[in-house]
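One structure is given below, encoded as structure tokens.
The numbers here are math on the coordinates, done by the rules we state, and not lab data. Keep in mind that this is a model prediction, so the values were computed, not measured. Because the Cβ atoms are built from the backbone with ideal geometry, glycine has one as well, and the counts that use them run over all protein chains shown.
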Amino acid sequence: MTILFIGMFLLGGLFLDTAILPQLAILGLVPDVLVCITISFALLYGSTIGASVGVAGGLMLDVMCGPALGFYGLIYLLLGLGAGLMDQRRVNKYLLPSVAAVLAVIAKAAFHIVYLALQGYGEGSFAVFLRYILPGALLSGLIMVPLHLLIRTRKIFKSLKRSKMQNYYE
Amino acid sequence: MRKNRPLLITIIAVFVLVVLMVITGGAREASTPESVTGSIFTPVQRFFYDITGSIADFFNNLFGGGEDVDAAELERTIAQLETELMRLDELEQENKRLRELLEYKDQYNDLLFVTAHISSKEPGPWFEVFTINVGRNYGVKENMPVVCSKGVVGRVIEAGGTWAKVMTIIDTRSSISCLLDRARIYGITKGKLQSDDAAPVCTLMYLPYETDLVPGDNIVTSGLSGDFPKGLLIGSVIEVTKNSEKGQKTALIKPAVDFATLEEVMVVIGEKEDEGS
């Protein structure tokens, strides 16, 4: 897996999240593409890659519009780490990515609520959670299906290429 | 030891990120790596932001009222004309917005402004922050006020080389000292988490109980809050609440600025008397 491949996804996710999707939002609802990318890499390649992808994407988001450097870096690191630790054998592998994405968006919202509450701005958080976060999380779960397939196809393609090469040398 | 290495790295990474978060929490000048990264991303983001804005407008026009025409040729011509019309409409709108900004600028002859375009927005409903395409290269610094032709937008919270982050007045963390235009009484305007589809509102706080305040009253900046000059329009009162226990009055304010359609803003970089200093 190349850094270029990951970088391409992260930049795409960053531009989608900050420049494109906020303007196309219907009823204020937007999927969280960077969270989906982090979760997808974590599920496919494990917690180390997941956490690395998460921290890289999160720090880029921090530079562009985060409230403090490290805020999104920390959230995405923990999300990548957590998703990578999920035992995929115990959960339906077709359902897992979407469920993980929904849970991750909810967990991210929980970080926001705690961060704001610690600063004394927690009022109205629950209403925001119900109005925007839950439907947005479901939307992220839907987006996760094609996105995960795209990232997974590349993994399958790579492993096929590797086995072909091995057969050739044998 | 080798087995615990990933755990150790994670703990260190979490620690470093938490420390970074604590250090970089307030308004500040962006560090060199942040500034460079932002300078690379901002033009690309602005490109995508503008393109998406045009596409969104196109679909809005399309669903606003289109008629079915069978002839393929006619459809093609209409599509071409619509694209041209959309481009002209976009230019006309931009022209109008910039003219309004110029008129606003003329009202405040003593202030120095820098015009900027919005290049990206914070995703999600928690923080009302956006990025603009001017930074320290145009003299933009932290805490400088940001306005548009309608009134106060927010303030700069971080300035990079060619970009800056702006926290709007509707962000829940924002607070500005303000003045009731009619009653000449000071208060604080605070942002509020927007939990419904209604237009965003702010809260006006710490007003004496006997304050003469009615819906429709204008709220302006008091000149006591950081770099905000006195007399910039913040919004108007839409609802007044009396709190007899605290002996205070609070009010909901409708900001003068429509944040949903905001595209160009101006940063107040100083006063003209300061030019020489």
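A compact table of results
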| read-out | value |
| --- | --- |
| The stretch B:1-37: trypsin sites (Lys or Arg not before Pro) in DSSP loop, at most 11 other beta carbons within 10 Å | B:Arg2, B:Lys3 |
| Number of partner chain Cβ atoms within 10 Å, mean per residue of B:17-24 | 6 |
| Ratio of the Cα radius of gyration of the stretch B:124-262 to 2.2 N^0.38 Å, where N counts its residues | 1.06 |
| Leading residue at positive end of dipole, chain B (Cβ point charges), from B:Leu101, B:Gly216, B:Gly160 | B:Gly160 |
| Chain B: DSSP helices with Cα axial extent of at least 20 Å and average Kyte-Doolittle hydropathy no lower than -1.0 | B:5-23, B:32-64 |
| Computed [θ] at 222 nm, helices only, for chain A once each DSSP H run of length n ≥ 4 contributes -39500 (n - 2.57) | -24500 deg cm²/dmol |
| Positive minus negative residues near A:Cys65 (Lys, Arg vs Asp, Glu; Cβ under 11 Å) | -3 |
| Neighbour cut-off at most 12 other Cβ (10 Å), DSSP loop, chymotrypsin sites (Phe, Trp or Tyr not before Pro), the stretch B:156-213 | B:Tyr209 |
| Point-charge dipole on Cβ atoms (K/R +1, D/E -1) for the protein assembly as shown, about Cα centre, debye to 20 | 2720 debye |
| Percent RCO, i.e. relative contact order, over the stretch A:2-75, from Cα pairs under 8 Å lying at least 6 residues apart | 23 percent |
| Two-decimal Rg/Rh across the protein assembly as shown, once Rg and the Kirkwood Rh are taken from alpha-carbon atoms | 1.02 |
| Simple Cβ-charge dipole of chain A, Lys/Arg +1 and Asp/Glu -1, about Cα centre, in debye nearest 20 | 780 debye |
| Peptide-level mean, for B:124-136, of C-beta atoms on other protein chains within 10 Å | 5 |
| Longest to shortest principal axis, alpha-carbon extents of the stretch B:170-248, angstrom | 33, 32, 22 |
| Ratio Rg/Rh, restricted to chain A and using Cα atoms, in which Rh is the Kirkwood radius | 1.02 |
| Rg in Å to one decimal, and Dmax rounded to a whole Å, for the stretch A:112-151 via C-alpha atoms | 14.2, 41 |
| Bins of 5 Å, starting at 0 and running to the largest distance - Cα pair percent for the stretch B:64-170 | 2, 10, 16, 16, 15, 11, 8, 7, 7, 5, 2, 0 |
| Cα-only radius of gyration and Dmax that characterise chain B, units Å | 22.6, 75 |
| The stretch B:203-274, relative contact order in percent, only Cα pairs under 8 angstrom and at least six apart counted | 31 percent |
| Kyte-Doolittle mean at least 1.6 and Cα axial length at least 27 Å: DSSP H helices in chain A | A:96-118 |
| Computed [θ] at 222 nm, deg cm²/dmol, chain B (DSSP H ≥ 4; -39,500 (n - 2.57); rounded to nearest 500) | -11500 deg cm²/dmol |
| Number of partner chain Cβ atoms within 10 Å, mean per residue of A:49-55 | 2 |
| Cα extents of the stretch A:1-101 along the three principal axes, largest first (Å) | 38, 29, 24 |
| Burial order of peptide ranges B:98-105, B:227-234, A:76-83, A:110-117 (average beta-carbon count within 10 Å, highest first) | A:76-83, B:227-234, A:110-117, B:98-105 |
| Charge dipole of the protein assembly as shown about the Cα centre (unit charges at C-beta), most positive-ward option of A:Ala42, B:Thr83, A:Ala56 | A:Ala42 |
